[in-house]
1. Output ³J(HN,Hα) for region 97-102: one whole-Hz value per residue in order, computed from phi by the Karplus curve 6.51 cos²θ - 1.76 cosθ + 1.60 with θ = phi - 60°, and x for Gly and Pro.
2. What is the extension gain from residue 225 to residue 83, computed as 0.36 nm multiplied by their sequence separation minus the C-alpha to C-alpha distance, in nm to one decimal?
3. Quick check: Cα centre of region 1-62 to Cα centre of region 96-168, how many Å?
4. When Lys and Arg each count +1 and Asp and Glu each count -1, what net charge do the other residues less than 15 Å away from residue 93, Cβ to Cβ, add up to?
5. Between the helical axis of 146-168 and the dominant principal axis of the chain, each derived from Cα atoms, what acute angle in degrees is found, rounded to the nearest 10?
6. Tell me which residues come under 5 Å, amide H to amide H, from residue 26 once H is placed; ignore anything under 5 positions away on its chain.
7. What are the ³J(HN,Hα) values, in whole Hz, obtained from phi via the Karplus relation 6.51 cos²θ - 1.76 cosθ + 1.60 with θ = phi - 60°, for each residue of region 214-226 in sequence order, with x given for Gly and Pro?
8. With +1 assigned to the C-beta of every Lys and Arg and -1 to the C-beta of every Asp and Glu, and no other charges, what is the dipole magnitude of region 1-136 about the Cα centre in debye, to the nearest 20?
Amino acid sequence: MQTAALLHLLQLASPALPIGAYSYSQGLEAALENGRVHNADTARAWIVRHLHDVVAQWEAPLCWRLMQAFAARDAASVALWSERFIASCDSAEFRAETIQMGFSLSRLIAELDIADPAVLALLQREPEVALPTAYACAVDALRIPHDAALLAMLFTWAENQVLVCVKSVPLGQVAGQRMLLSLRPELEAAARHAQTVADDDMCNWAPGLSLLSMQHEVQYSRLYRS
């Protein structure tokens, strides 16, 4: 990867990116509340299951398709996969999460003036922008290789999940870093799967996670917004 693309990727994947990712747990806080996640082993098991059953089966391959659509300037494909992702958010919190972060990243792309006008127009024509759509647009604008961008997307998701566990299980900082290191082969496998899974095999069917998300909406004590 060229130095400029690597630096752009590090900026895009940084926790300092002002889109609010740190404020969401994606159902993990509800799993902590009801005791399903309570130590390092159960935390890692939760993250791996969520990664392979949901992220690698739906969000990552969908993001891969969106990156290809932006590269091809294919407005129909951008609209199709954006609409499908938003429709797949089966709880109010999951939907609000992707719309809020997608809006924040879209505004950042426009304010930084990094995207070609034609690419920015593909993004801005969407009535609501999901996070994978905005991310794919930023990847195109910054000329980041798609395989590297996909790995970064998976890593930042896993890092955020681990940070939730560090704060709330709680785990120590070293235990959190050890867990991230142990997730490397899982993330690589998820990236390979996301690039090869067929459209008809994509799926985010995870009723237990959906129920936890709905329970989190009325959870009495919360640190996170999902």
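1. Once rounded to whole Hz, the list reads 4, 5, 5, 5, 6, x.
2. Values: separation 142, 0.36 × 142 = 51.12 nm, distance 2.26 nm.
The residue 225-residue 83 span can extend by a further 48.9 nm.
3. 14 Å
4. Working: positive: 95, 222, 225; negative: 29, 33, 90, 97, 217.
Taking every other residue near residue 93 into account, the sum is -2.
5. Approximately 30 degrees, to the nearest ten.
6. 226
7. 5, 5, 5, 4, 10, 5, 5, 10, 9, 9, 10, 8, 8
8. Numbers: 9 positive and 15 negative charges, 48 e Å.
Dipole about the Cα centre, nearest 20: 240 debye.
Rule-based calculations on the coordinates, nothing more; no lab input. Small disclaimer: the values here were computed from a predicted structure and weren't measured. Here the Cβ is made from the backbone with ideal geometry for all residues, glycine too, and neighbour counts use every protein chain on show.
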